[in-house]
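To start, the structure itself, in structure tokens.
Just so it is clear, none of the values below were taken in a lab; they were calculated from the coordinates. Since the structure is predicted, the reported quantities are computational estimates derived from the model, not experimental observations. So basically every Cβ, Gly included, is an ideal-geometry build from the backbone, and we count neighbours across all protein chains shown.
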Amino acid sequence: MKKYIEKDFPIGFLSQLAERESWRKEIYRPVYYIHKWWAKRLGSVFRGIILAACSDESADILKSYYSKNCFSDLTVFDPFMGSGVTVGEAAKLGCRVIGRDINPMSSVIVRASLAKYKVDEINSIFIQIENNIKDKIQSLYKTKLDNGKLTDVLYYFWVKILNCPNCENETDLFKSRIFSKNAVPKKDPSARAVCPGCHGINHTFYDCEKTICSICKTIYNPQNGNINGGTVSCPHCSYKFKLVEYLKKTDQPLNHKLYAKLVLDEGVKVYEKPNAYDFKVLDQVKSEFELLSSSKKIPFVSIKKGYNTNQILKYNYKSWDQMFSPRQLICIHLLCDEIKQLSDSHSKQLFSCLLSGILEFNNMFCTFKGEGTGAVRHIFAHHILKTEVMPIEANIWGTPKSSGSFSTLYKSRILRSLDYKSNPFELQLKNRKSLKISNINIPLNCDIAGNYSDFRKNGPSVYISHGDSGNTDIENLSVDMVITDPPFFDNVHYSQLADFFYYWLNQILNISDDETTRHEAEVQDTDADKFSEKLCSVFSECNRVLKNEGLLIFTYHHSRHEGWTAVYEAIRKAGFICVQSYPVKAEMSVSVSVQQAKTPIHLDLILVCRKSGNEKAEFDAGNILRTSVEKAKTQITELTRSEIKVSPGDSKVALMGRILCELGKMADMEKEINFLRNVEEEVNPLLSDLIVSQEQKIAYPCDTYPDQLQLFE
């Protein structure tokens, strides 16, 4: 009997749930957010995929979504495990689950996420760490007020500096003299600017073009800085030069200058200029750091060239430790030493993941998001290693008003995740409100098999491994379904970014003797043919381990046509055909990477594949396109009726999915691939036929994002 997903899929219902989840993923699926991973898929969608793949075609999927389920006789395999969304969602539904990833960081993250813990024991560990090093770390984030009282610094504001190649005077690289404003400036237009004359802190407005310094009376335009689009203008001699050319003549990263701080004065946030006490602390930090460096307690691991690392190499960052300030390195070293001493391996992994959160929010690539929201914009907000000329240094231990600190992330990531694991809930939408439906899932306190042999003997229900998914230890014809989310071939190279965390966690967990998580078999390549070949290797292994009636289901989208030909070649050469495709909500509407895209895509395509047989159909190019447009338009109509906005890029995703399914009916691989390679010019004009009335607004439009947060509490 066919599975439900081969016949139908509730794309409107699940897209509405996904839309809601996408705004607060760390709240609604916290177990997948104890550690950073890239392009995480939405748990609500993957729950729907797994349910529809496990259920017969006569099932009531909408009812099953909020019911107790247990598919203990079915085995799910995810060869691109990442942060573990498939593994977790399948385990909640009682499936036996195999997760594998070529990146060792993935294995660490998923094991830490799913392992069994006792909350009181985890709390005891946190208190132990707090007692041992909190005071030491906090002493490095103290300042003295004018009245002589010591108080906490929330954030230090830094700017990169250099010496002008013409006059040799120090030049700061402010993009704008405004360094702080509200996240929603139209609600609160107040801002802070630093004077170019005396470096005093001035109150101003976010759109003000004329400010008079309250200290030295300098008149300046706070919108202007000394760098614009990579061109530096020296304020002393007016000489202009390209920063990238300047950096080619040096071999070190640029220095930083402290120009402001945000302190707590009896619980009130106050912006101030740094004083003598701050520079005294920096002198203390310098001395401590020199001792730490001389003892070689911070190892040197070079940053290797790569698609996502070349940008910081251009800024002369040669090793991972150079991305942090001396104060940050001292604090991170203290935390590393504490976590290393933990005897329980699961707890050590969990607190190592917490440490990674500190790394994410506490480095010299972070910037200030502004008042009215989480203040720190973390290093991977753009999914790349983006060098910043105006970084922010946060208080690593933190206060109740901190963002991205050890104490606050412990509560928001670890404790929230542990609470969710004990009783995983699902969202239900009623009257635009979110209801939490509990007591329907199996708790995510999993026994994890150490090897496949233990898993095969019906012992632990979860098996996590690290290695090439094109070569596994799984038995032939033993898996009921493969459900996964492969990487994009030309986008984010996970290993190059994961090395940022691996550098530190490897010192604690002894993950590998290698200095990098990169691997030649990683399914990631800027060359479409190489990407397709690597993906085909994994899909071929999936074919081997998959039962003859089993399904390969994965999510995918791409803006470039070669991305579609690459993935289709991999599917067909691995011995599969596409039988169904469903466009569904995948990306948060205000995602930075989505907003910056030329052709933004908010939808993922769910591709349902089965092993190829002997199907034959008469080749009719026109009929393939006509049928594809008709079916894609039906799906887009369903989405728009569910108040899901569909962009032109999304329409192409829906259409390409239908084309791949129609092509499979030809059962002539060479003809199919050649047709797909040459069809791009015919596809784009067809997109106009997919336009569906979208008079109703999307449920949570990005222009009202801050207001909508109130609905989610």
Self-check item: Length-normalised contact order of segment 150-199 in % [C-alpha pairs under 8 Å, at least 6 apart]
Solution: 23
Self-check item: segment 170-210, dipole about Cα centre (Lys/Arg Cβ +1, Asp/Glu Cβ -1), debye to the nearest 20
Solution: 200
Self-check item: Descending Cα extents along the principal axes, segment 500-581, whole Å
Solution: 46, 32, 20
Quiz prompt | Kirkwood Rh in Å, taken over segment 198-357 so that all alpha-carbon pairs contribute | solution = 20.0
Exercise. Assign one of three labels to segment 329-466, namely rounded, prolate or oblate, based on the Cα gyration tensor with a ≥ b ≥ c the square roots of its eigenvalues; rounded applies when a/c is under 1.5, prolate when it is not and a/b is larger than b/c, and oblate otherwise.
Key: oblate
Quiz item: For segment 110-235, what ratio Rg/Rh do Cα atoms give with a Kirkwood hydrodynamic radius?
Solution: 1.16
Self-check item: Cα-based equivalent ellipsoid, segment 1-108: semi-axes from gyration tensor eigenvalues, Å
Solution: 23, 18, 11
Exercise. Could you work out how far the C-alpha centroid of segment 438-498 sits from that of segment 291-347, in angstrom?
Key: 29
Quiz prompt | Greater than 26 Å apart at Cα, pairs in LYS36/LYS633; LYS217/LYS273; LYS7/LYS611; LYS25/LYS645; LYS2/LYS530 | solution = LYS36/LYS633; LYS2/LYS530
Quiz item: Taking a temperature of 10 °C and a viscosity of 1.306 mPa s, what whole-number D in µm²/s does Stokes-Einstein yield for segment 300-343 with Rh from Kirkwood over alpha carbon pairs?
Solution: 132
Quiz item: Which of the pairs LYS40/LYS585; LYS314/LYS369; LYS269/LYS369; LYS160/LYS261 have their Cα atoms more than 18 Å apart in this structure?
Solution: LYS314/LYS369
Practice problem: Hey, could you get me the Stokes-Einstein D for segment 92-135, Kirkwood radius over alpha-carbon pairs, 4 °C and 1.567 mPa s, rounded to whole µm² s⁻¹? | Solution: 98
Exercise. Over all alpha-carbon pairs of segment 397-475, lay out the pair-distance distribution in 10 Å bins, whole %, shortest bin first.
Key: 15, 23, 28, 25, 8, 0
Quiz prompt | Cα gyration tensor, segment 65-129 - rounded (a/c under 1.5), prolate or oblate | solution = oblate
Quiz item: So what's the back-of-envelope 222 nm ellipticity for the chain, counting only DSSP H runs of four-plus at -39500 (n - 2.57) apiece and dividing by all residues, rounded to 500?
Solution: -11000 deg cm²/dmol
Quiz item: Farthest toward the dipole's positive end in the chain, which of LEU509, CYS353, LEU114, given Cβ charges of +1 (Lys, Arg) and -1 (Asp, Glu) about the Cα centre?
Solution: CYS353
Exercise. Give the peptides 602-611, 95-104 in descending order of average Cβ contacts within 10 Å, highest first.
Key: 95-104, 602-611
Practice problem: Give me the percent of Cα-Cα pairs in segment 313-368 that sit more than 16 Å apart, rounded to a whole number. | Solution: 49
Exercise. Sort the following peptides by mean Cβ neighbour count (other Cβ atoms within 10 Å, averaged over residues), highest first: 531-540, 322-331, 439-448, 143-152.
Key: 531-540, 322-331, 439-448, 143-152
Exercise. Name the shape class, rounded, prolate or oblate, that the alpha-carbon gyration tensor gives for segment 454-591, where a ≥ b ≥ c are the square roots of its eigenvalues, rounded holds for a/c under 1.5, and otherwise prolate holds if a/b is larger than b/c and oblate otherwise.
Key: oblate
Quiz item: How would you rank 300-307, 108-115, highest first, on the average number of other Cβ atoms within 10 Å across their residues?
Solution: 108-115, 300-307
Practice problem: Could you check what % of the DSSP bridge pairs in the chain are antiparallel, to the nearest 5? | Solution: 75
Quiz prompt | Kirkwood Rh in Å, taken over all unlike Cα pairs in the chain | solution = 27.3
